[in-house]
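Quick notes on the structure that follows.
The values are calculated or read from the model by the stated rules, or taken from the named source; none is laboratory data. All of these numbers come straight from a predicted model, not from anything done at the bench. Neighbour counts run over all protein chains shown; Cβ positions are idealised from the backbone, glycine included. Please note that ligands, DNA and RNA were not included when accessible areas were found on the heavy atoms of the full protein model with its side chains. Shrake-Rupley method; radii C 1.70, N 1.55, O 1.52, S 1.80 Å.
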Amino acid sequence: MARAIVTRGLRKEFPYLNPSPNMSTSDQWLEYLLSLITGKNATGMGVEKRRTVAVESLDLEVEEGEFFGLLGPNGAGKSTSIKMLATILAPTAGTATINGYDLVRDWRAVRASINVVHSGGWLGFDHELSIRWNLQAWARIYGLSKKEAARRTQEVLDIVGLSDKAEETSGTLSSGQRQRLALAKGFLMEAPILLCDEPTVGLDPNSAAAVRSFIKDDVNRKRGITVLLTTHYMQEADQLCDRVAIMDKGRIVACDTPDRLKASVQAKAILMEVRNFRIEMLFDFKKEHGQWLVTEKLDQNGNGSLRVLCSPREAESTITTAVEACGGQVVGWSRDDISLEDVFIVLTGRRLAA
Amino acid sequence: MSSTAMPKTRLNLRETLGVMSVLAERNFRLMTRFSASAVMFYIGVFADAAISAFLGTALIGQAQAAQIGGDYVSYVIVGLAYSQLMYTSISAPHQSLSGAYWSARLEPLLRAPLPLRTIIMGDALFSYFTDFVTIAIYGLVGILFGMAMPSSGVILPAAGILVLGCVSVLGFGFLSASMFNLINAKAPVANSEPVQWLVRTLQRLVCGVYFPVTALPGWLQTVGNFMPQTYVLDAVRRLLIPNYPKGPTLPVHSSFGLDPQVANLIAIAVLTAFILPLGLWAFDKGLEKARKDGGLSRWT
Ligand SMILES: Nc1ncnc2c1ncn2[C@@H]1O[C@H](COP(=O)(O)OP(=O)(O)O)[C@@H](O)[C@H]1O
Ligand SMILES: [Mg+2]
């Protein structure tokens, strides 16, 4: 099967500038020039010459028609990766082909192969003008004739279910509708690949579910469009993606189907039903047993549940004893499924000892 | 899905003009949402023109007026009208780029199948249209103050010089826009970008908008020699003001022994050939830098 996206050692470094090139006050340029000349910024601090490595080395292979997820916490380098693939940022090193075209050399063909949707996609709409007018204008900027633009706008409005809002302005939309508007804008052209950067961030559960099912069912399944989606929601990746690359600090730490990723984890999760396990006891418990990853749902009286991620060799009785040693009572326990969240924690090795 | 919405890698001329027209239409639609401020703006223009004309009639004697073609009103109205369009060329590119950036439109614009500079120029088109309203108001003030009307035969050449002037200072405009990325001059405040501020200030001071450049000390005249606006304003006054002096009026005119009007055109051409490529080159360099530094997109 043909590969829709291939990246080899794609890397992005940002110069660490102070002031940052994304901030602005009226006299920022003066501060910037002075800092270049004197090596100091306005507060007299030295301008750091170090560079931020946002993406260390990205190696991906996404098949045509695949729903591929890039899962990682904030700052992992997901957006930077998407922006490089969208030709907005120049890679510092590495190569990539999209739809068979070289990212740097054939950037025009790359642009014509992708649609891009991100969480702030609705921001670029003129709030003074109707949604329909905005979409038509974008379609024309992307090269459609007036007639084509009008027809295509109606089509995408129907697809995302916003036809009844077409004559209103984007300011009147709910956050879920705004996200669908961003999707509509991302679909004005019929590109074979969709780059989707955190499309459900900040949405309520219902809106998020609607956006997810739209991308999964309408875009990926029905139209066969390859989707590269970034998210920091573990369930979203689990639920939607054929394959997931787990990203941390600019690196891919694992890449496989969600099921295989979860199966690969050498750990088990145990839910302990506890009573009278007060906050200071929990503190002690966590301190003494740093090898376990503990998440808790406890009320003020210390009643509730503990979820303990531990080595598969660990006996449940060991955990029960440990809770009791700290002063709590265990009233029952059960096994819990391993989640992609657990996979992430195990792989990044921050909490759980191997 | 039908195949007409297949993404394009490049746009042909017709499609490019389509993009420009939709950008102009957008600006027009946005302006009509702010019609009160538009009316206030034009009343301000009227007042400014009237102030200059009153100053002229009140303070300038017959003797001085002879140097500038008989009456100061014609002199200053022509100067103001032309400098207005040149201001637009100087400030519109930065304004357009910074507007796109701050309203989160820049990234999607960059993915469009045509160069950003073309989009920037399309965005500037509407500013030129509004300038024509400004110019009409200047004309009206001129008529009210009894300005001598030019013959219809000079309209076409005067329009030609207008286009020439706009194109040649557009190089300064793109140079100004390049500073958005090159030195991080991102503030969306008019005239806050230093290149734009400098060129606009110099234009008013040394290019002969309000008074002949010969009134300036020599070193300031020298500065004016390097600005196309100086020649544009002189050239257009030669066309539009019937009694404008026929002999040399600028330092350069006497240097080469050419007909002053021919010398003007050559000077404009030479300066444009230098400034416009410089501006476009710097603009692309700025984009290149921002693609590397990550200065194109606000953090998300
Ligand atoms: N334009 C930029 N300039 C400088 N640093 C940036 C820029 N964009 C992102 N970064 C830095 O790169 C890292 C990765 O950011 P990002 O790709 O946005 O992560 P994610 O999308 O996974 O949350 C962060 O440390 C961020 O601060
Ligand atoms: Mg992000």
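What is the sum of charges around B:Asn27, taking Lys and Arg as +1, Asp and Glu as -1, for the other residues whose C-beta is under 12 Å from the C-beta of B:Asn27?
-1
Per residue of region A:246-259, in order, report the coupling 6.51 cos²θ - 1.76 cosθ + 1.60 (Karplus, θ = phi - 60°) as ³J(HN,Hα) in whole Hz, putting x for Gly and Pro.
3J(HN,Hα) across region A:246-259, in whole Hz: 8, 10, 8, 6, x, 10, 7, 9, 6, 8, 5, 6, x, 4.
Net charge within 11 Å of B:Gly279 by Cβ-Cβ distance, Lys/Arg positive one each and Asp/Glu negative one each, not counting B:Gly279 itself?
+1
If you average the alpha carbon positions of region A:123-173 and of region B:40-106, how far apart do those two centres end up, in angstrom?
Between the Cα centres of region A:123-173 and region B:40-106 lies a distance of 38 Å.
Non-local amide H neighbours of A:Thr52 (under 5 Å, H modeled in plane, Pro and chain starts lacking H): which ones?
For A:Thr52, whose amide H was placed from the backbone, the distant partners under 5 Å are A:Phe14, A:Tyr16.
Across all directions of projection, what mean area in square nanometres is found for the Cα convex hull of the protein assembly as shown?
36.4
Can you compute the equivalent ellipsoid semi-axes for chain B, i.e. the square root of 5 times each eigenvalue of the Cα gyration tensor, sorted largest first and rounded to whole Å?
37, 22, 18
Report, for region A:187-331, the % of DSSP beta bridges that are antiparallel, rounded to 5.
Of all bridge pairs located within region A:187-331, approximately 80 percent are antiparallel.
Calculate how steeply helix A:28-38 sits against the longest principal axis of the alpha-carbon atoms of chain A, using the helix alpha-carbon long axis, and give the answer as 0 to 90 degrees to the nearest 10.
70
So how compact is chain A: Cα radius of gyration and Dmax in angstrom?
24.2, 75
Could you pull the Cα extents of region A:207-264 along its three principal axes, largest to smallest, in whole Å?
Result, largest extent first: 30, 20, 19 Å.
Answer with one residue from A:Gly75, A:Ile98, A:Leu306: the one whose Cα lies farthest towards the positive end of the charge dipole of chain A, charges on Cβ with Lys, Arg +1 and Asp, Glu -1.
Of the options given, the answer is A:Ile98.
Kirkwood Rh over Cα pairs of region B:127-227 into Stokes-Einstein at 37 °C, 0.692 mPa s: D in µm²/s?
Approximately 203 µm²/s, per Stokes-Einstein.
Helix A:175-186 versus the longest principal axis of chain A: what angle, 0 to 90°, nearest 10, using Cα atoms?
For A:175-186 against chain A, the angle is about 50 degrees.
Enter the accessible area per residue of region A:266-337 (Å², integer; probe 1.4 Å; all protein chains in place).
56
On alpha carbon coordinates alone, what is the Rg over Rh value for region A:266-337, Rh being the Kirkwood radius?
0.92
Would you work out what percent of the accessible area of chain A, with all protein chains in place, is carbon or sulfur (probe 1.4 Å)?
The value for chain A is 50 percent carbon and sulfur by accessible area.
Under 5 Å between amide H atoms, partner at least 5 residues away or on a different chain: which partners does A:Trp333 have, H built in plane at 1.01 Å?
Close amide H contacts, sequence-distant or interchain: A:Glu273.
Given R₀ = 45 Å, FRET efficiency for B:Phe54-B:Val270 by Cβ-Cβ distance, to 0.05?
Computed FRET efficiency for B:Phe54 and B:Val270 comes out at 0.75.
How tilted is helix A:316-325 with respect to the longest principal axis of chain A? Cα atoms for both, answer in degrees (0 to 90, nearest 10).
So the inclination is approximately 70 degrees.
How much of the DSSP bridge set in region A:266-337 is antiparallel, in percent, rounded to the nearest 5?
If we restrict to bridges inside region A:266-337, about 100 percent are antiparallel.
Antiparallel DSSP bridges in the protein assembly as shown: what percent, to the nearest 5?
Beta bridges within the protein assembly as shown, antiparallel portion: roughly 70 percent.
Say R0 is 30 Å: what FRET efficiency, to the nearest 0.05, do A:Asp337 and A:Lys286 get from their beta-carbon distance?
0.85
For a quick check: with amide H placed at 1.01 Å from N, whose amide H comes under 5 Å from B:Asn191's, ignoring anything fewer than 5 positions away on the same chain?
Here nothing satisfies the definition.
Which of the aspartates and glutamates could be linked to A:Lys249 by a straight reach, that is with a Cα gap under 18 Å, when you skip same-chain ones fewer than 8 residues away?
The qualifying aspartates and glutamates are A:Glu13, A:Glu56, A:Asp59, A:Asp197, A:Glu198, A:Glu341, A:Asp342.
Provide the buried accessible surface between chains B and A in square angstrom, both chains summed, 1.4 Å probe, rounded to the nearest 100.
The B and A chains share an interface burying roughly 4900 Å².
Tally Lys and Arg at +1 and Asp and Glu at -1 over the other residues with C-beta under 13 Å from the C-beta of B:Tyr42: what net charge comes out?
Here the count lands on -2.
Could you derive backbone 3J(HN,Hα) for region B:116-133 from the dihedral phi with the Karplus parameters 6.51, -1.76 and 1.60 (θ = phi - 60°), listing whole Hz in sequence and x where the residue is Gly or Pro?
Those phi angles translate into 4, 4, 5, 5, 4, 5, x, 5, 6, 3, 5, 4, 5, 4, 5, 4, 5, 5 Hz.
Of all trypsin sites (Lys or Arg not before Pro) in region A:266-328, which ones are in loop regions per DSSP and have a Cβ with at most 16 other Cβ atoms within 10 Å?
When the trypsin sites (Lys or Arg not before Pro) of region A:266-328 are filtered for loop state and at most 16 Cβ neighbours within 10 Å, A:Arg278, A:Arg313 remain.
To the nearest whole number, what is the average tally of beta carbon atoms from other chains within 10 Å of the beta carbons of peptide B:178-188?
Average neighbour count from other chains, rounded to a whole number: 5.
Roughly speaking, what is the centre-to-centre gap between region A:247-308 and region B:112-171 when only Cα atoms are used, to the nearest Å?
Between the Cα centres of region A:247-308 and region B:112-171 lies a distance of 69 Å.
Quick one: Kirkwood hydrodynamic radius for region A:95-158, alpha-carbon pairs, angstrom, one decimal?
13.5
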